[in-house]
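Encoded as structure tokens, the structure appears first; notes follow it.
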Amino acid sequence: MPDAITIPAPADFHVHLRHLKMAHLVVPHVRKGGFSLAYVMPNLNPPITTTAMALDYKAQLQAIDPSVDYLMTLYLSPDLTPDEIVKAKQAGIAGVKSYPRGVTTNSDGGIESYEMYFPVFEAMQRVDMVLNLHGEIPSDPATASNFLHFVVFSDIGTEHLPFPRLRIVLEHATTRAAVEAVKACGPTVACTITAHHLALTVDDWAGQSFHFCKPVAKYPDDREALRQVIREGHPRFFLGSDSAPHPIEAKSTSTPTHGCAAGVYTSPVLLPLTAHLLESFGALDKLEGFASTFGRRFYQRELQAGQSQPVVLQRTKELVAEKYEAEGADVVPFWAGKPLDWQIVS
Ligand code: NCD
Ligand code: ZN
């Protein structure tokens, strides 16, 4: 059992950094949690749909913490054109995120059918931009089957997309079926896994709103498939925290017409938490691949010589903060008040 671990420049390939007061509270937590690269989700209100909006948002994030490398994304919507994709690529925007309509926070403008986007996908393939898929579809009231369902490629038809070179990431896999579907794909398809889905199952979020996120955590066998693919050190599965802060009030109160907000907040403890969880299922030796190398390789952001910005973790029993607050914003982190076995020392 090591007492210290060094990880070169950890990278979080799926994070929600919000804007305004919440951004001021949560953006510094990327670095606090051990990360120097943040792949930033575009589901603001209004969503980030153009290059100009993404660059403006990036400047806001840099003004809060200039030490993080922010990789920006656009929100797939009818506003997005092939010309805009070319412009986005030239401006350094890394990907396009597709949300099915209505499944999660700020997804009312999400997509219903992929075919109308084929010209956009063709442009993305040509300029080599990544397509990020939120792999859920809205529940069908007739069967209510999607509450514990997480669609895989066959469900949304991506296997039939005529874009063999388009790089695709299935975001936040939660089921054995999703893991198997990604494994069966070729080198252009990868998959993010969150830290919290390595810990939670259905029983943990039913009745515990701070553990409620989309997609919801599934059954123990699904969690085991996520853990196993990390133990295997599979290079197309890597960390994307889906850290998604919501004000305490939005998480802790619901009304007859409004449920609580979906999202689990892991940013401020992300690397220690990931180390803690990986060690709990015998995969601590895979931390470097899972939290740094594999995602960087897929996104072509590999570290150059002399660039490694290592983060050092040491053993501890420190408790995670109960909450974080600042002027006009507050949030409860995952694992609040509980001990983690690792802390960042430098
Ligand atoms: C995310 C959010 O709050 O922005 N919520 C979540 O439960 N994951 C949206 C998302 O990524 O689905
Ligand atoms: Zn997300």
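The values are calculated or read from the model by the stated rules, or taken from the named source; none is laboratory data. Quantities reported herein were computed from a predicted structural model and do not represent experimental measurements. All Cβ positions, glycine included, derive from the backbone under ideal geometry; neighbour counts span all protein chains shown. Only protein heavy atoms, including side chains, enter the accessible area calculation; ligands, DNA and RNA are left aside. Shrake-Rupley method; radii C 1.70, N 1.55, O 1.52, S 1.80 Å.
According to a simple spin-label model (label point 7 Å from Cα along Cα-to-Cβ), what is the distance in nm between Asn45 and Val345?
4.4
From the cross-link list Lys214/Lys251; Lys21/Lys89; Lys89/Lys183; Lys21/Lys97; Lys58/Lys87, which pairs have alpha carbons spaced over 18 Å apart?
Working: Lys214/Lys251 13 Å; Lys21/Lys89 29 Å; Lys89/Lys183 28 Å; Lys21/Lys97 24 Å; Lys58/Lys87 16 Å.
Those over the limit are Lys21/Lys89; Lys89/Lys183; Lys21/Lys97.
Just the number, please: percent antiparallel of the DSSP beta bridges in the stretch 4-344, rounded to the nearest 5. Let's see the in-between values first.
On the way: 12 of 38 bridges.
If I count the DSSP bridges inside the stretch 4-344, around 30 percent turn out antiparallel.
Just to confirm, what accessible area per residue do you get for the stretch 167-211 at 1.4 Å probe, in whole Å²?
31
What accessible area per residue comes out for the stretch 1-54, rounded to a whole number of Å², with a 1.4 Å probe? Walk me through the intermediate numbers first.
On the way: 1810 Å² over 54 residues.
Accessible surface, normalised per residue, equals 34 Å².
Regarding the chain, what's the average projected area of the Cα-atom convex hull, expressed in nm²?
Computing the convex hull of the Cα atoms and averaging its projections yields 16.7 nm².
Of all the accessible heavy-atom surface of the chain, with the other protein chains kept in place and a 1.4 Å probe, what percent is carbon and sulfur?
Of all accessible area on the chain, carbon and sulfur atoms account for 53 percent.
For the stretch 294-342 and the stretch 235-282, write down the distance between their C-alpha centroids in whole Å.
First find each Cα centre; the distance between them is then 12 Å.
Not counting ligands, DNA or RNA, and with a 1.4 Å probe, what is Asp56's accessible surface area in Å² rounded to the nearest 10?
Approximately 90 Å² of Asp56 is accessible to the 1.4 Å probe.
Work out the FRET efficiency for Asp79 and Lys323 from their Cβ-Cβ distance, taking R0 = 51 Å, and round it to the nearest 0.05.
0.85
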